[in-house]
1. Give me the compactness ratio for segment 354-415, meaning the Cα radius of gyration over 2.2 N^0.38 Å.
2. Among ALA170, LEU480, GLY362, which residue has its Cα furthest toward the positive end of the charge dipole of the chain, with +1 on Lys/Arg Cβ and -1 on Asp/Glu Cβ?
3. How long is segment 495-601 along each principal axis, judged by its Cα atoms, biggest number first, in Å?
4. Name the residue from PRO656, LEU376, VAL303 whose Cα lies farthest towards the positive end of the charge dipole of the chain, charges +1 on Cβ of Lys and Arg and -1 on Cβ of Asp and Glu.
5. Using helices alone, what [θ] at 222 nm do you get for the chain, with -39,500 (n - 2.57) per DSSP H run of 4 or more residues, divided over all residues and rounded to the nearest 500?
6. In vacuo Debye scattering of segment 705-804, one point per C-alpha: log10 I(q)/I(0) at q = 0.12, 0.21, 0.23 Å⁻¹?
7. In Å and on Cα atoms, what radius of gyration and Dmax does segment 622-751 show?
8. Which lysines have a Cα lying under 19 Å from the Cα of LYS146, excluding residues fewer than 8 positions away in the same chain?
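The values are calculated or read from the model by the stated rules, or taken from the named source; none is laboratory data. Fair warning: this is a prediction, and the values are worked out from it, not measured in the lab. Quick reminder, even Gly has a Cβ in these numbers, built from the backbone with ideal geometry, and neighbours come from all protein chains shown. Accessible surface is based on the protein model in full, side chains and every heavy atom, while ligands, DNA and RNA are left aside. Shrake-Rupley method; radii C 1.70, N 1.55, O 1.52, S 1.80 Å.
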Amino acid sequence: MHHEQQHCSCGGSCSAHEEVGSALDIEAAPRALQVETISLTGLDCADCARKLEQAVARLEGVAAATVNFAAGKLRVSYDEVRVPKQVITDTVRRLGYGVEETQAGARRLVFHLKGLDCADCAKKLELKLNRLPGIHRAEVHFSAGKLYVEGRVAADQVQRAVAEAGYEAALPEQAPAGGESSFWLQNKRSLLTVISGGLWLLGVVSWYAGLTPLAVAVLVGAMVSGGFYTVRAALYSLKSGLAMDMNVLMTVAVTGAVALGEWVEAATVVFLFSLGNTLEAYTMDKTRKSIRGLMDLSPREAVVWQGGTEQVVPVTLLKLGDVVVIKPGSRIPVDGIVVEGSSAVNQAPITGESVPVAKGAGDEVFAGTINENGRLLVEVTRPAGDTTLARIISLVEEAQAQKAPAERFVDVFAKYYTPAVILLALALAVVPPLFFGRAFQDWFYRALTLLVVACPCALVISTPVSIVAAIGNAARNGVLIKGGAHLEQAGRIKAVAFDKTGTLTRGQPVVTDVVPAPGYTPAEILRLAGSVEIGSEHPLAAAVLQEAAVRQVTLLPGKDYASLTGRGAKALLQGKWYFVGSPALFQQDLGLPLGDWETTVMELETEGKTVMLVGTEQEVAGLIACGDRPRETSRKAVAALKEQGRKTVMLTGDNPRTARALAAELGLDDFRAGLLPQHKVQAIEALQEQYGTVAMVGDGINDAPALARADVGIAMGGAGTDTALETADIVLMADDLGKLPFTMKLSRQALNIIRQNIAFSLLVKAAAVLLVFPGWLNLWIAILADTGAALVVIANGMRLLRVK
C-alpha cells in the first residue's frame, strides 16, 4: 500500500537511497585519499545544497562528498591524482556558488590553547591575531579551548603572539605522549598563583604585626608573582591596539591602589584575580574534556593483515581496502565492513547503546567502538580523517563554536557595557573632585573599583560554558546536537511529530494474515502477490516475498512489471494483468466494488495492519495484511515526552484506521494519516500554528522536507548515515527513540541554566556598579564578586554534564 510515497522506508534499497549510496560509495584505491573541507558562499537553499553534493560526488575520483548546509561547508574525500581540487572548486562555481579561497600558499593550523580563562579576553585575542601580517583568518573557540589560523604564517609566529598575550598555544602533535599531565603541572599560572598566595599571607601577617618594610617587600613579591601574566598581557594588549581587556583594567586598578598606598588591598586584588583565573581555567578544562574524551577513543595504530602476516601501522597510513585485525578487548581503529569473524561490539561511544551489538561478515563497524570477545577482520571503508567518530568530533566542535541567540545578545550587551563603565569610571574620578570639591583620593579609589567590574567575564562566559557542557554530554550519550541555536530551540519545543515507518516502528513489516476468496488457497494468493512484487523494493513487497519463501511458494514468471504511484503494483502473469495494492486501487482505479471484503479490510486496519488486495480487473482474489510492530523504546519515549509536558503526534502515509490503532497502542496525543511527503510539511505548519514550536523526528532522508520545515529536525540512526549527520539539527546516533526524552530534557535544562546565568551575571554587575557610588564596594570585594560570579556561572553550566 502507498508504494511510492513510502519508498524511502525501504532501509536503503530504494532508488533515492541508490542515488545517495552511489554518491557515497568508496572504491578501494592504492592511494590514500585527501579529505578537505571547503567553505562555500551563496548557498541559501537546502535542496540546492543536496544537488551540489550529488554533483560533486559524481566526479570521477571523488569518494565521498557531503554538504553541511547550516555551516556552508563542503566536506570531500578525493584522490587528488584523479581529480585535482581545482576541478572540484570549478564544479562548485559552475553551479552558481562561491568558494572562499585562502591566500596562495596559505595553510590551516589548529592549536590547543592553555590558560584561556576569560571569554571576553578570548575575543580580544582573536581580534589581535587577525591584525597580524600573514594571517588570513584567526578564530578562537573559547569553549573548546582551540585556535584556528589560516594564512601564510609559521606556527611558531602564532605561538609567540599568543604567548605575548599571556597564553600558550600548542599544535596537536606537540601534546605530551602518554596522555595529558595534571592541570596544575601543565598550567604555569597555577604555580605562580600558589606562590602569590603564600607571599600574600605572609605579607598580610607582617603588615598587621607592624613590620611595614618587610610587609611591603613581601606584598610586592605577591603582586609580581600573581600579576606577571596579567601585566604582560596588558602591555601586549595596549601595544597591539589599545584594547581595554580585563588585563589592562586590572593593571590600572592595582597600579592606582599602589599609588594610593593601599599595599594590602593591591596585593589582595592581584592574588584573588590570579586565583579566580586559575579556578576558571580549571573548571573550563574539565568542561572541555567532554570532547577530548571522544578524541581519545580512536587508536592511533592498527594491525594490518598482509599476506597472512600481521603488521602494526599508524592509522593515518591505512588505505581503502586494507584489512585490519581487531583482537578481542581492543578498540576498533577504523570504519569498515567485517569480512571474517563474529563478535559483540560495544557501540556506546558512537550510538550511546548500552548493550553490545552482534557483528558478523557484512556488518558495518565504527572507529572508537570496542570489540568485546571475538577476532574480527575488517576491511577499511573510510580514511582515518573521515571516520564517523572523526566527523562527530568535527561537527561537535563546529556546534560549540556556533553562537546561540542568547550568546549573540550577550555579545551585543558586552560590546557597549565595557566602554560605558570605563567612561563612567573616568567621570567618577574627575567630576566629584573637580566640580563638587570632594576628596580626590576617595573618588579615585571608587573609580578604580568600578574599573574592576567593567569586564563582563561572567556574562560573556554564561552561555558558551552551558552549551559546551550540554553538547559534550549529549555527544557522549550518542546524541549529536549541531549547535547552540538548536539546543536552545529544542528546549522550547511544545510538540514532537514522529514519522511512523522506521521511526516509531521497526520499518520491517511482516505478513500477519492471508485471506483467500472462494476458489483460491493462501498459497495461491501469496504466489500471485509475490510474482507481481518480485521487482519492487518496497518494505511491504519484501514482507510478501519473505512470507512466500518461508512457505516455499513457487513464483510465476511475468513481464511488464509496473509501479502504480501511491497505490500498488501490477504485472502480466500467464497472459492476464494482476494487481496488488491498496483498497483504493481496486475501488477507485479499477472500479471494483469491495462488497464483503470491505468489512474484513476495516477489521484488519482497526488492528493496526496494512492491507493489500490481490486480484484482476474483474475480481478480488484475496488479501494480505502486514503488520509493522512498534519499537520497544517507542512507548517509553512517548510517555516520557508527555511527562515533560510535550504533545506527541504521528505523521504517516498509512490509512487512518491503522494509524489510529498504533497511536492508541503507543499513547500518542494525535495522528495525521494518509499523508504524502509534501503533505507532511503542511502538517508540520498546522502543528506550529496549534502548538508553537514543533520538532520533527524521522530518518533524515524521506522526511527531509518536514525535518527542514520543523523548528528542530531530529534524525535517527546517524551512525554511518552521511545524510543524517550532515542535514539534521539533532542526530540520534542509535536507530531508536530511547535517547529522545534525554535530549529534550537536556535541552530544556540547558535553556533554563542559560537564562539563570545571564540573569545572575547581570544582577551581580548591576549591584556592583550601584554599590560603588556610596563607597560600599572596595577593590578586593569587587574582584571577588567578579571572579566569584564567573565561577558560579561555570559551575552552574557544568551541571549539564551530569544530566542523564
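1. On the way: Rg = 19.2 Å, N = 62, 2.2 N^0.38 = 10.6 Å.
For segment 354-415, the normalised Cα radius of gyration is 1.82.
2. The Cα lying farthest towards the positive end belongs to ALA170.
3. Answer, in whole Å and largest first: 52, 32, 26 Å.
4. VAL303
5. Working: 26 runs with 380 residues, N = 804.
Value at 222 nm, helices only: -15500 deg cm²/dmol.
6. Debye curve over Cα of segment 705-804, log10 I(q)/I(0) at q = 0.12, 0.21, 0.23 Å⁻¹: -0.60, -1.04, -1.14.
7. 14.6, 56
8. Straight-distance partners of LYS146: LYS114, LYS123, LYS124, LYS128, LYS188, LYS286, LYS289, LYS403, LYS482.
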